[in-house]
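Novice: I have a structure I would like to understand better, so I am pasting it below and will then ask my questions one at a time.
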Amino acid sequence: MVQDRLFFHSTNLRSPETSFREALLNGLAPDGGLYMPSAIPVFKAGELEVFSSKEYHEIASSVLEKYTGNEIEPMHLKAMCEDAYDFEIPIERVYDRYYIMRLDRGPTASFKDFAARMMGRMMQYFLAGDERNLTILTATSGDTGSAVANAFHGLDNIRVIILFPAEEVTSLQRKQMTTLRDNVRVIAVNGKFDDCQQLVKNAFTDPVLEDLNLSSANSINIGRLLPQIVYYFYAWSRVSGKQDDPVVFSVPSGNFGNLMGGLLAWKMGLPVRRFVVATNSNDEVPVYLETGIYRKISPSKDCISSAMNVGHPGNLPRMVSLYGGVMDEAGVITRAPDLKKMREDIFAVSVSETETRETIRLCHSQSGLLLEPHGAVAWKGLQKYLHHCTLPGDESRVCIALETAHPAKFHEEISKLLGVTPPFPESLSKVEGRKEDFLPFENNYANFRDFLRKNYK
Ligand SMILES: *Cc1c(COP(=O)(O)O)cnc(C)c1O
């Protein structure tokens with residue numbers, strides 16, 4: 001059933017409600033908040049059970065249609081989903097009812113492909129026939145940049161600028177971005193990820209750049225969040241498929257976009273028992289759930305699960321808003337959420353570096369399971385949940401831990417730990433020989449602004 005119209009409001013509650021199109025193209029709400037659907041659409045029980053016999057892209061269009069309503073023509077939405085999701089999504093049984101879902105088979109080998117590919121297509125849809133060009137400006141610590149660059153590469157009306165910290169991405173991650181060219185420009189900033197993010201933020205709020213039509217592709221964009229709802233439905237449909245057999249998901253979390261997708265799936269009617277939220281040593285959210293006091297970690301700690309080195313998750317205001325609270329972009333809570341309910345729904349746990357490495361080793365020797373650091377954090381988080389916090393009957397629940405990147409992306413760490421190099425998927429090996437193209441840049445906003453004005457008018 002297509003809903004007539006769904007609106008999107010800001011978590012800061014000071015911007016007017018907008019359409020999906022505006023929310024997608026704006027990225028951030030004018031009041032600095034994050035867009036959330038004003039009502040969460042719900043599936044009826046019978047609607048979900050048919051998912052077991054549907055392909056991934058069909059489930060995707062059923063889920064997304066609930067949000068895009070009549071703003072995207074359903075036939076077009078179906079075609080976009082089919083086009084975006086042309087890769088496999090393995091769900092491996094490890095033992096009993098414990099599974100790993102591998103979200104790493106997209107073109108850039110991380111789960112960011114699920115969101116970026118759909119967002120690119122939706123933006124393209126809304127811009128078709130438009131005179132204006134959109135310039136996507138995004139900062140990356142590695143995986144987002146390549147997924148976004150890949151998703152937008154070759155699209156009309158859209159130009160992409162990606163900033164990365166020159167010394168802090170692996171050469172493989174860099175090559176995934178710098179070998180594309182055409183409408184994708186890559187800038188190596190002499191600084192840290194936080195510096196890249198600051199340059200991007202300054203540009204967004206700079207009145208001098210207003211006519212440039214800048215938009216963001218970071219995980220705060222609602223267009224990146226919604227596609228991340230889908231694989232939770234898919235997972236349930238493949239390993240349970242029954243209304244009375246709810247699933248425990250373990251989600252390796254950094255900016256909390258992945259988790260938000262899961263929470264929205266649950267609110268939409270997906271049978272979920274609980275979410276395990278596993279972080280690395282950047283444990284500000286586990287500490288918050290335990291103590292009720294939120295303190296960001298600055299600077300964030302460097303862990304081998306590098307995509308989760310986040311000391312203040314961008315999506316946290318969304319999670320707080322789901323539980324009735326208000327948190328601004330600085331992390332200040334002006335209305336308390338229902339912490340009790342949050343703790344019932346979410347088991348948040350931090351996994352240390354030693355535990356992460358030990359998990360990669362143990363899984364490999366005991367079950368032949370190959371995990372990279374992010375997936376290992378999720379798997380260990382799940383074990384901790386099962387040991388410390390079982391609800392009655394939870395031993396026999398279906399549990400699914402998410403593996404968010406391909407082990408080959410972290411081959412240095414893995415071969416150090418296991419003495420074997422993970423096999424490279426074609427998507428990763430093919431960038432090796434290609435010519436790179438990127439622009440070295442000082443960490444200086446005035447220069448960056450001049451560069452944008454000269455080249456992106
Ligand atoms: C981005 C990323 C994460 C963290 O996801 P969030 O949505 O930011 O919580 C985990 N693993 C990998 C491999 C990632 O690239």
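The values are calculated or read from the model by the stated rules, or taken from the named source; none is laboratory data. Since the model is a prediction, treat every value here as computed from it, not as a measurement. Here the Cβ positions follow ideal geometry from the backbone for every residue, glycine too, while neighbour counts run over all protein chains shown. Heavy atoms of the whole protein, side chains included, go into the accessibility calculation; ligands, DNA and RNA do not. Shrake-Rupley method; radii C 1.70, N 1.55, O 1.52, S 1.80 Å.
Novice: From the residues in segment 49-92 that are without any contact (Cβ under 8 Å) to a residue 12 or more places away in the chain and more than 23 Å from the chain's Cα centre (by Cα), which one is most open to solvent (accessible area, probe 1.4 Å)?
Specialist: So, considering only residues that are without any contact (Cβ under 8 Å) to a residue 12 or more places away in the chain and more than 23 Å from the chain's Cα centre (by Cα), the one most open to solvent (accessible area, probe 1.4 Å) is Met75.
Novice: If I filter segment 19-44 down to residues being out of contact with any Ser or Thr (no Cβ under 9 Å at 6 or more places or on another chain) and either within 15 Å of Ala265 (Cβ to Cβ) or in a loop (DSSP other than H, G, I, E, B) (or both), which single residue comes out as most open to solvent (accessible area, probe 1.4 Å)?
Specialist: Selected residue: Lys44.
Novice: Being of a type in the set (A, V, I, L, M, F, W, C) and open to solvent by 30 Å² or more (accessible area, probe 1.4 Å) is the requirement here; does Val248 meet it?
Specialist: no
Novice: In segment 85-101, which residue that is assigned to a loop (DSSP other than H, G, I, E, B) and modelled with pLDDT under 95 is nearest to Leu259 (Cα to Cα)?
Specialist: So in segment 85-101, the residues assigned to a loop (DSSP other than H, G, I, E, B) come out as 85-90, 96-97.
Going one step further and asking which of them are modelled with pLDDT under 95, we end up with 96-97.
On the way: Asp96: 25, Arg97: 21 Å.
So the residue we want is Arg97.
Novice: Counting just the residues of segment 376-429 that are among the basic types (Lys, Arg) and under 20 Å from Phe249 (Cβ atoms), which one comes out surrounded by the most Cβ atoms within 10 Å (Cβ to Cβ)?
Specialist: Ranking the qualifying residues of segment 376-429, first place goes to Lys380.
Novice: Moving on to the next point. Kindly indicate which of Val287, Val276 is surrounded by 23 or more Cβ atoms within 10 Å (Cβ to Cβ) and aliphatic (A, V, I, L, M).
Specialist: Going through Val287, Val276 in turn, just one is surrounded by 23 or more Cβ atoms within 10 Å (Cβ to Cβ) and aliphatic (A, V, I, L, M): Val276.
Novice: Which residue pairs have Cβ atoms closer than 8 Å, lie 6 or more positions apart in sequence or on different chains, and pair a first residue in segment 442-457 that is more than 17 Å from Thr205 (Cβ to Cβ) with a second residue that is assigned to a loop (DSSP other than H, G, I, E, B) and open to solvent by 70 Å² or more (accessible area, probe 1.4 Å)?
Specialist: From segment 442-457, the pairs are Glu442/Asn190; Asn443/Asn190.
Novice: Of everything in segment 392-419 that's more than 27 Å from the chain's Cα centre (by Cα) and free of Cβ contacts under 8 Å to residues at least 24 places away in the same chain, which residue is nearest to the ligand (Cβ to nearest atom)?
Specialist: My answer is Lys416.
Novice: Could I ask something else about it? Can you pull out the strands (runs of 3 or more DSSP E) entirely within segment 328-405 that have at least 1 residues that are of a type in the set (S, T, N, Q) and under 23 Å from Phe111 (Cβ atoms)?
Specialist: 346-350
Novice: Something else: Within segment 270-289, which residues are more than 19 Å from Gly254 (Cβ to Cβ) and acidic (Asp, Glu)?
Specialist: Hits for segment 270-289: nothing passes.
Novice: As an exercise: evaluate Gly262 against (1) away from the ligand (no atom under 14 Å from the Cβ); (2) surrounded by 20 or more Cβ atoms within 10 Å (Cβ to Cβ) and give the number of the one condition it does not meet.
Specialist: Among (1) away from the ligand (no atom under 14 Å from the Cβ); (2) surrounded by 20 or more Cβ atoms within 10 Å (Cβ to Cβ), Gly262 violates only (1).
Novice: Among Asp130, Asp194, Asp156, which is the only one that is touching a residue at least 12 places away in the same chain (Cβ under 8 Å) and part of a helix (DSSP H, G or I)?
Specialist: Asp194
Novice: Scan segment 305-322 for residues that are outside any helix (DSSP H, G or I) and either open to solvent by less than 30 Å² (accessible area, probe 1.4 Å) or within 11 Å of the ligand (Cβ to nearest atom) (or both) and jot them down.
Specialist: Hits for segment 305-322 are Ser305, Asn309, Val310, Gly311, Pro313, Gly314, Asn315.
Novice: For segment 102-128: of the residues being at pLDDT below 95 and out of contact with any helix residue (DSSP H, G or I) (no Cβ under 7 Å at 6 or more places or on another chain), which is most open to solvent (accessible area, probe 1.4 Å)?
Specialist: For segment 102-128, the residue satisfying everything is Ala128.
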